[in-house]
1. If I model a spin label at ASN39 and TYR200 as a point 7 Å from the Cα along the Cα→Cβ vector, what separation in nanometres do I get?
2. Which of the listed residues, PRO178, THR332, HIS391, is farthest toward the dipole's positive end in the chain, when Lys, Arg count +1 and Asp, Glu count -1 at the beta-carbon?
3. For region 261-375, just say rounded, prolate or oblate: build the C-alpha gyration tensor, square-root its eigenvalues into a ≥ b ≥ c, call rounded for a/c under 1.5, and beyond that prolate if a/b exceeds b/c, oblate if not.
4. Please label the shape of the chain as rounded, prolate or oblate, based on the square roots a ≥ b ≥ c of the eigenvalues of the alpha-carbon gyration tensor (a/c under 1.5 means rounded; beyond that, a/b larger than b/c means prolate, else oblate).
5. Apply the a/c threshold of 1.5 to the C-alpha gyration tensor of region 61-101 and tell me whether it is rounded, prolate or oblate.
6. Would you mind checking the tilt of helix 403-416 against the longest principal axis of the Cα atoms of the chain, expressed as 0 to 90 degrees and rounded to 10?
7. Once you've got the GNM for the chain with C-alpha springs shorter than 10 Å, pick whichever of ALA255, ALA18, ALA279 has the biggest mean-square fluctuation.
8. So what's the angle, to the nearest 10 degrees on a 0 to 90 scale, between helix 144-162 and the longest Cα principal axis of the chain?
Amino acid sequence: MKKAVKIIIPIIVIIILAAFTYFLFLRKQLIKEVSIIKNEEKYSLKIDYPIFYNKKIDDKIKKYINDNKKNFMKIVDSTNNATSKYNLLIQTEVHKNNGILYITILNETYTGGAHYIKDYYNLYYDIENDKLVDINYFLKDENAFNKLYKLAHYHVIEYASSTNKNFDDAWVRRGTEPKLENYSYFTFTNKGLKIIFKPYQVASYADGEIKITIPYEELTDVIKDRFVVNNNKKVEKLIPEIRDLSKYQDKKLIAFTFDDGPNTETTKILLDGLSKYDAKVTFFVLGNRVNRHNEILKRAYLEGNQIGSHTYNHKNLKVLDNVSALNEINDTNNAIKSIIGVNPKIIRPPYGNVNKNIDMAMPIVLWNIDTLDWKYRDKNKVADEIVKNAHDGAIVLMHDIYKSSVEGALMAMERLKDEYYFVTIEEMAALKNIKLENNSKYFNIK
Ligand code: NI
């Protein structure tokens, strides 16, 4: 008896210690995503941001978001009779490269007119040393900032002449001179150092934001070598699972679709559950999220699910000018292709709104069963709504950013599995012998 206790107690202690260490480790690794959606009569808003469990970063992000939300609500409250619904979008992009986290919070507000008003906030975080850094951290020595200024000035002027614009030289110099606030938004791309100057910084508001990329060849004595991105990185070829559709003829078909992701934590719950029902689904993903959730996106694609576009930043295409609307689409195609190797073949524009002036070059896939999952956040309600309205050829709208939505979807599959096959949009069209046409809208497929 005594001997047994002597063995058991150390084992219990070791298990507790291991669990505690694992929890701490998880906590350090874990990034939790917060997603807020509101759709009121006068305005809609969509705020997505990660929590890093790091006070230095989280406090700054929260403060920026709260300040901007407050400002937006002030405008909403003081306005009556707006012609279009006001819209606030706050999205976060995160890249990790060479030990640095690049965090960009993009804040876009629509309060009438043909444009969203754009603002960003950037954080650069050195992971190993646990500190926030700025442009100086990336520069080789004390002379480098001055060299960067000369290069930036040159490239802005070159940008102006290549686009047949005439920038005021003194203005450009003021906006590019070696001061921290002039270099608050930069990233390292495959080609070089990309710097973004806010509207009015180097030219007039009408010229918008000015983006330049200084090639690495010109930066050899400016940027520390370790921040140069290796541009030989090739996108790996992914071969997705394809299933034999001939055995899916005898039951009704239903397409479950998920918007606004991917989202590592909750999309995983869905993917883990699908195989039990021999189910494939469709994801309409946001371009700004695919980089920071790239592993789960790859998995979804490899397992035979379909990846569609939900645009880059979830803007209302209807109120955008043509160039901005096209950027929303093209940037998303590029982002998706950089992860899974192919362009999306279908698109679902945010709010189901299209811009009649532009060619989406893809079929527009909408829905005819709306679970309102984002509103109720209740898995039972999601499941009931799907089961109650299910029919052959239906397209169900959900959001895989919520645990309640993915759990509700799996519950609905459990209840529908004897009567239905769960297929992607592409599979449904193939099984029903329907060719989806570019720029045509599909609420269901039959
Ligand atoms: Ni959406």
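The values are calculated or read from the model by the stated rules, or taken from the named source; none is laboratory data. Worth saying up front: this structure is predicted, and the values here are computed from it rather than measured. Methodologically, a virtual Cβ is constructed for each residue, glycine included, from the backbone with ideal geometry; neighbour enumeration extends over all protein chains shown. Protein only, heavy atoms only, side chains kept; ligands, DNA and RNA dropped before computing areas. Shrake-Rupley method; radii C 1.70, N 1.55, O 1.52, S 1.80 Å.
1. Modelled inter-label distance: 3.4 nm.
2. Sorting the options by dipole projection puts first HIS391.
3. Working: a/c = 1.99, a/b = 1.51, b/c = 1.32.
Since a/c reaches 1.5 and a/b is larger than b/c, the shape of region 261-375 is classed as prolate.
4. Values: a/c = 1.80, a/b = 1.26, b/c = 1.43.
Oblate shape, in that a/c is at least 1.5 and b/c is the bigger or equal ratio.
5. On the way: a/c = 8.60, a/b = 2.59, b/c = 3.32.
Oblate, since a/c reaches 1.5 and b/c is not below a/b.
6. Helix 403-416 and the main axis of the chain meet at about 30 degrees.
7. ALA18
8. 80 degrees
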